[in-house]
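Engineer: Just dropping this structure here.
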Amino acid sequence: MAKELFDVCLTGQLLTGHNRREVAVNLAQLVGTSIAQADSLLDGATCVKSQVDHQTAVLYHEILEETGAQAVIRACLAQSDSTVRPSAPMAEPVQTDPEQPVVVEATPVLDAEPDAHPPASASPLPDPDTTQPFATPAPAPLRRRRQWGTAAVLVAVGSVLLGALYWLWPAPAVPGAALPAVGESLNLVQPLQQQVELYWQRQGYPPMSGAELDWQGPQPLAELASVELQADGVLLLTFSDQVSTLDGYTLLLRPAIAEQGYAWDCTGGTLPPAERPPECRGAAAR
């Protein structure tokens, strides 16, 4: 005999009347984690519990939807129950004469006449008190058992969601891990720096925009960053998502006339000091 099993999953959608911030806060309180980590569970479908019976699946479903997140119960592969014993074969019916009535002999439970001389050691039973009603047994503490069951499910849900967050949430960035990508970007930008220097030598002043160097919009640096030319020949590097720890950070390259040609200052921009080469960190950060 097969036993039906079910999976309980978050769909990533919200129930009507709830917003994402509210649901993320409720999930964070349920799981015991940060709001940002709980919010990542709403980015797609996430299975919370697998291969449970229907009663347990319904309990998981109710708890999850109380947070405002949409949950579904899906049937999975049935599991055979090896503990089911075959039933005893039915006895063959006895053929009887249809014209004769069937007489069913009842087995007596008690003797018709009680023992007139009970043993001396047997004490007579007291007469029942018919004036008092029968005592109704107290109902079983179903509510308390329900509360304990809910608590166990909450712990299980929290452990499953924390396990999912372990794989979904990115590992913390290591300071300085993107230094090779920054160094490669600085090597790739050198030809553009030379264009600024040559323009300055010919015109006597630095270029004020990329149009003066015939640049068609920002110049890419091997998908690591893009470069824009600002006033006074300043180059603005904006790093892309190819280096996830630097996505959106900037680095300014500011030219100046030096004794032997031109010198470039790279201490500006929003790039963290730990991700800069030593010559770009400034005097305070060295």
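The values are calculated or read from the model by the stated rules, or taken from the named source; none is laboratory data. A quick note: this is a predicted structure, and the numbers were derived from the prediction, not measured. Virtual Cβ from ideal backbone geometry, glycine too; neighbours counted across all protein chains shown. Each accessible area value is taken on the protein alone, full model and side chains, heavy atoms only, with ligands, DNA and RNA left out. Shrake-Rupley method; radii C 1.70, N 1.55, O 1.52, S 1.80 Å.
Engineer: If I ask for residues that are within 15 Å of LEU188 (Cβ to Cβ) and part of a strand (DSSP E or B), which ones from the range 230-270 would you list?
Structural biologist: If the condition is that a residue be within 15 Å of LEU188 (Cβ to Cβ) and part of a strand (DSSP E or B), then LEU235, LEU236, LEU237, THR238, PHE239, LEU251, LEU253, TRP264, CYS266 are the ones that fit.
Engineer: Go through the range 166-200 and report how many residues are loosely packed, with under 10 Cβ neighbours inside 10 Å and at pLDDT below 90.
Structural biologist: Residues meeting the conditions: 5.
Engineer: Kindly indicate the residue of the range 56-72 that is open to solvent by 10 Å² or more (accessible area, probe 1.4 Å) and assigned to a strand (DSSP E or B) and also nearest to ARG20 (Cα to Cα) among those meeting that condition.
Structural biologist: GLN70
Engineer: Which of the residues spanning the range 233-269 are open to solvent by less than 80 Å² (accessible area, probe 1.4 Å), out of contact with any helix residue (DSSP H, G or I) (no Cβ under 9 Å at 6 or more places or on another chain) and within 18 Å of ALA177 (Cβ to Cβ)?
Structural biologist: GLY248, the sole residue that qualifies.
Engineer: Further question on the same structure: Of the residues that sit in the range 1-22 and are of a type in the set (Asp, Glu) and either touching a helix residue (DSSP H, G or I) at 6+ places or on another chain (Cβ under 6 Å) or not in a loop (DSSP other than H, G, I, E, B) (or both), which one is surrounded by the most Cβ atoms within 10 Å (Cβ to Cβ)?
Structural biologist: ASP7
Engineer: Next question, about the same structure. Go through the residues of the range 193-204 one by one and say whether even a single one is in a loop (DSSP other than H, G, I, E, B) and over 26 Å from GLU275 (Cα atoms).
Structural biologist: Within the range 193-204, one or more residues are in a loop (DSSP other than H, G, I, E, B) and over 26 Å from GLU275 (Cα atoms).
Residue-wise test of (1) among the polar types (S, T, N, Q); (2) over 43 Å from the mean Cα position of the chain (by Cα); (3) farther than 28 Å from VAL174 by Cβ.
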{"site": "PRO191", "(1), (2), (3)": "no, yes, yes"}
{"site": "GLU197", "(1), (2), (3)": "no, yes, yes"}
{"site": "PRO207", "(1), (2), (3)": "no, yes, yes"}
{"site": "ALA225", "(1), (2), (3)": "no, no, no"}
{"site": "ASP232", "(1), (2), (3)": "no, yes, yes"}
{"site": "THR238", "(1), (2), (3)": "yes, no, no"}
{"site": "THR245", "(1), (2), (3)": "yes, no, no"}
{"site": "GLN260", "(1), (2), (3)": "yes, yes, yes"}
{"site": "PRO272", "(1), (2), (3)": "no, no, no"}
